[in-house]
Amino acid sequence: MSYTLVTGATGFIGTHLTKQLLKEGKDVLGFGRDFANNKIFHKSYDFKVHDVRKPFPYYDVNEIYHLACPSSAEYFRKNPREIMDIILNGTMNAVKYAGYTNSRLIVASSLGASCEYLPTFRSCYDVSKKAMESYVHYATEQGLVAKTVRLPSVFGEGMSLTEDRLIPNLMNACIAGKEPPLYGNIANKRAFAHIGNVIHELRTIMKLYRTGIWGIKAQESLSIQNLSEAIQYAFEKPKEYGEFAHVHKSDFFRKIADTLEYFKEKKNVNC
């Protein structure tokens, strides 16, 4: 039996990807740092507690999705050295593992790793992702079939309600009746994509042979101000918001509303 390996399998993207792979009939091996966070129990799924900073234990695998890394801004501030360690050593271990198992490899990166972002925003996360991309590129020159995929801001059902990220923060503030936490240059645009679109594109990219840096197509680019207003509108006037999304044929705005409903249900809010 040959596995598809997902590192960071208990995370937001990892959980959705694992479910999709199982739906396709794949045998899936998941690595995560804590068994308590595992949400999937399936006859074709084998979950192992493993820290990606350590060499990977051997299993027969043919595809690897290396997603393991915390993505909370609060985590970046409190544990910058650990973030860099997870990204750099975790990726080196994933690349070595792909080499000796002869597997195809996808490594998750960030739009923040692109040169146009780096001069103005140099978080430990983005800089480490940029260095990671260089290492993966070197491995492809040695014959490894590996790709780095730059992800936009991903949202959707199953997000952590407590994680310090933009969309959860805005939705939690909206539900609590508080002012939205807008910080930085709120006019700057950011790229967003729903988790369903991201999983579909990750699967498509894995099937292609071409190596290099890939980008997940954003469904929408919005300023923080515009995003906050859209979430507030969906919360206060869901019917009118639904009509707006329908008229504009905007799947993005419908997904924002669906995600907000998920947050409200989890918090048992009636509105």
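Laboratory data are not the source of any read-out in this text; all were calculated from the coordinates shown. Every value quoted in this text rests on a predicted model; they were computed, and no experiment measured them. Cβ coordinates were reconstructed from backbone atoms using ideal geometry, including for glycine residues, and neighbour counts include every protein chain displayed.
Observations, loosely collected:
- Index of the failed condition, Glu74 passing every other in (1) surrounded by 14 or more Cβ atoms within 10 Å (Cβ to Cβ); (2) in contact (Cβ under 8 Å) with a residue 12 or more places away in the chain: (1)
- Segment 216-231, subset part of a helix (DSSP H, G or I) and among the β-branched types (Val, Ile, Thr), residue surrounded by the most Cβ atoms within 10 Å (Cβ to Cβ): Ile231
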